[in-house]
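First comes the structure, then the notes that go with it.
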Amino acid sequence: LDLLRDYPARPDAEALVDAMRPLQPRLYDLANSLDAFDDELHLTVKRFRYEFNGRLETGIASRYLLDLQPGDPIRLYPHRNARFQLPEDPERPLVLIAEGTGIAPYRAFLQHLAATGQHTPCWLVFAEQRFEDDFLYQLALQEARDNGLLARVDTVFHADQPDRALADPLLEQIDRLAEWLGRGAHLYFCGDKDRLAGAEAGLRDAIDARLGAGHWKQLSKAKRLHRNLY
């Protein structure tokens, strides 16, 4: 659109389309486990809006998905992320850190654990904008907490708590986090790349100070850090 506005021309429609680079696929995490819903695929989609060149644009994939109506066909393909999955040892504790729609794969993790009867200790840290409007899957998470599937749930709502950051609940409980790591915990980061990178940097410094320099690097070498950032 901007190219045609800046350099007006009237190319043949077919030639114009052929000259364009195809849109790249959009990858979405499944928000459900096939162990719990074997004939459904759940996605967590937020309509993406941003300003560009003086106008308001919306995300191509999010707009398409949220405008679908029941019965509309959709083309998709499965993609496996081998680096973002549950550890083989079901006894290893999980620290699940989510920003916004990054909660999606953790919902699938919890459904899988419930369906398979695994008693893996899970600690969820979830951040969004507002408690009233943006506590995604609140009832499901509260139920998981009440049922003992989630050992702990901490939340940060940026608009309601402007002075708090995603990593703050973990930094405020650094001794508890160190104890979980001592038990072999895996840490997962999913969601907005900038916020998660900042959270990881803060946790790295705190853990290295608490458990010794280079400890975070050892976690990475042991493949106990899992990232799914966008």
Q.
In the chain, if the dipole is taken from +1 on Lys/Arg beta carbons and -1 on Asp/Glu beta carbons about the Cα centre, which of Ala115, Cys190, Leu225 is farthest to the positive end?
A. Leu225
Q | the stretch 21-96, dipole about Cα centre (Lys/Arg Cβ +1, Asp/Glu Cβ -1), debye to the nearest 20 | A | 660 debye
Q) Which order do Tyr137, Tyr7 take by accessible area at a 1.4 Å probe, largest first? A) Tyr7, Tyr137
Q: Keeping the other protein chains in place, figure out the carbon and sulfur percent of the accessible area of the chain, with a 1.4 Å probe.
A: 50 percent
Q | Average accessible surface area per residue within the chain, 1.4 Å rolling probe, Å² | A | 64 Å²
Q) Are there GluC sites (Glu not before Pro) in the stretch 172-222 that DSSP puts in a loop and that have at most 14 other Cβ atoms within 10 Å, and which ones? A) Glu172
Q | Dipole in debye (nearest 20) - the chain, about Cα centre, beta carbon charges: Lys, Arg +1; Asp, Glu -1 | A | 720 debye
Q: Describe numerically, in nm with one decimal, the distance between label points set 7 Å from Cα along Cα→Cβ at Asp67 and at Asp6.
A: 2.5 nm
Q: May I ask you to derive the FRET efficiency for Arg210 and Ile74 from their Cβ-Cβ distance with R0 = 35 Å, giving the value to the nearest 0.05?
A: 0.15
Q: Run through the DSSP bridge list for the chain and note the antiparallel percent, rounded to the nearest 5.
A: 15 percent
Q | Choice from Asn32, Asn53, Asn81 with maximal GNM fluctuation in the chain (Cα, 10 Å cutoff) | A | Asn53
Q. What's the extension gain from Asp38 to Leu229 if we count 0.36 nm per residue and subtract their Cα-Cα distance?
A. 66.1 nm
**Q.** Part-to-part distance (alpha-carbon centres) for the stretch 50-114 and the stretch 149-219, which is given in Å
**A.** 21 Å
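The values are calculated or read from the model by the stated rules, or taken from the named source; none is laboratory data. Predicted model, so just to flag it, every value in this text is computed and none were measured. Neighbour counts run over all protein chains shown; Cβ positions are idealised from the backbone, glycine included. When the accessible area is computed, the model is the full protein with side chains, heavy atoms only, and any ligands, DNA or RNA have been set aside. Shrake-Rupley method; radii C 1.70, N 1.55, O 1.52, S 1.80 Å.
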